[in-house]
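Got a structure for you, questions after.
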Amino acid sequence: MIPTVLAATPGAAGLRTGTGCASFHHGEILQGVFLDGAGRRCAGLVTLPMAEPGSRAEFTRRPGTAPAALTVVPAGRTKAARAAALAVAECARWAGEPPCGGELRLTGDVPVGLGMGSSTSDVIATVRAVADAYGRRLAPATVARLAVRAERACDPLMLDGRPVLFAQREGRVLEVLGPALPALVVVGCALGGGTPVDTLSLPVREAGDADVRAWERLRALLR
C-alpha cells in the first residue's frame with residue numbers, strides 16, 4: 001500500500017510544509033464506454049496500477065500571500081499547479097482561512113507523456129501534500145473531484161491500487177471489481193523512441209450501441 005501523506009512540518013514565519021506521494025500506472029486493462037447504475041452511458045476505465053511510488057510532492061504554504069503567488073518546481077507542471085490552487089482553496093475553507101500562495105516541489109521518475117499516469121500521479125501527490133500542509137487527509141472522493149478539475153480526466157490512483165471501473169471524466173467509481181488484482185508480471189516497450197504523445201489532440205470516435213454492448217461483455221469477463 002502506498003502511504004498517502006507524511007507528517008507536516010511547521011517552518012519559520014508561519015510557513016508550513018506538507019508532503020504527499022502517489023503511484024503511477026501501466027496504462028489501462030480496459031477502457032471504453034459503459035452503463036452506470038442508472039443506465040446512462042459513461043466513459044470508464046480499469047487502470048493497471050504499479051506498486052512503486054511515482055510522484056512525490058512537497059508543498060510549503062505561505063499565509064498572507066495572494067493565491068496567485070504559487071511557484072512550481074520544476075516549471076511547466078501546469079496541471080499540478082492547478083491542483084495545488086484547487087486544493088488550497090478546498091483546505092482553506094475547511095480551516096476558516098483565506099487561500100494563500102506557496103511553493104510546490106515535485107520529484108519522481110515517471111515517464112512523461114507515455115500513458116503511465118505521470119500527470120495524475122503529480123496531481124494526486126500535490127493534492128495530498130497541500131492537505132498535509134493544512135493538517136488534513138482528504139477522502140479519495142474529494143481527491144478525485146479535485147484531480148478531474150485540475151486535468152479534465154484522471155486515473156483512479158487515489159484509490160491506492162483497488163481494481164475499479166472508474167469514470168475518469170467524472171471522478172467516480174462505477175463498479176468495484178474486487179479487493180485486489182492478482183499478481184502480474186508486465187512487460188512494456190516504448191515505441192517511437194519514447195516521444196511523448198499528446199492524447200488530448202487525438203480524435204475521439206463516438207461509441208455506438210454495438211460498441212457499448214461489446215465493452216459491457218468485456219466488463220463482465222474482467223469482473
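For the range 94-223, give the magnitude of the charge dipole about the Cα centre (Cβ charges: +1 Lys/Arg, -1 Asp/Glu; no others), in debye to the nearest 20.
Dipole about the Cα centre, nearest 20: 340 debye.
Still on this structure: Could the peptides 82-94, 176-188 be put in order, highest first, of the mean number of other beta-carbon atoms found within 10 Å of their residues?
So the order, starting with the most tightly packed, is 82-94, 176-188.
Quote the convex hull volume per residue of the chain, based on C-alpha atoms, as a whole number of Å³.
135 Å³
Just subtract the alpha-carbon distance of residue 73 and residue 206 from 0.36 nm times their residue separation and send over the number in nm, one decimal.
Fully extending the segment from residue 73 to residue 206 adds 44.1 nm.
Here is a follow-up. Can you compute the modelled spin-label distance between residue 199 and residue 160, with each label point 7 Å from Cα toward Cβ, in nm?
2.4 nm
So what is the accessible area of the chain per residue, in Å², with the probe set to 1.4 Å?
52 Å²
Seen from all sides and averaged, what is the projected area of the convex hull of the Cα atoms in the range 18-58, in nm²?
The Cα convex hull of the range 18-58, projected and averaged over all directions, gives 4.2 nm².
Let me ask something additional. For residue 30, which sequence-distant residues (separation of 5 or more, or a different chain) have an amide H within less than 5 Å of its own amide H, given hydrogens modelled in the peptide plane?
Amide H neighbours of residue 30, under 5 Å, 5+ apart: 46.
For the range 170-223, which GluC sites (Glu not before Pro) pass both filters: DSSP loop (anything but H, G, I, E, B) and at most 12 other C-beta atoms within 10 Å?
When the GluC sites (Glu not before Pro) of the range 170-223 are filtered for loop state and at most 12 Cβ neighbours within 10 Å, 206 remain.
On the accessible surface of the chain, probed at 1.4 Å, how many percent belong to carbon and sulfur atoms?
Solvent-exposed carbon and sulfur of the chain make up 58 percent of the total.
How many times 2.2 N^0.38 Å is the alpha carbon radius of gyration of the range 111-201?
1.20
The values are calculated or read from the model by the stated rules, or taken from the named source; none is laboratory data. In this text the structure is predicted, and so the values were computed from the model without any measurement. Reconstructed Cβ throughout: ideal geometry from the backbone, glycine too, with neighbour counts over all protein chains shown. Quick note on the areas: whole protein, heavy atoms, side chains included, nothing else; ligands and nucleic acids left out. Shrake-Rupley method; radii C 1.70, N 1.55, O 1.52, S 1.80 Å.
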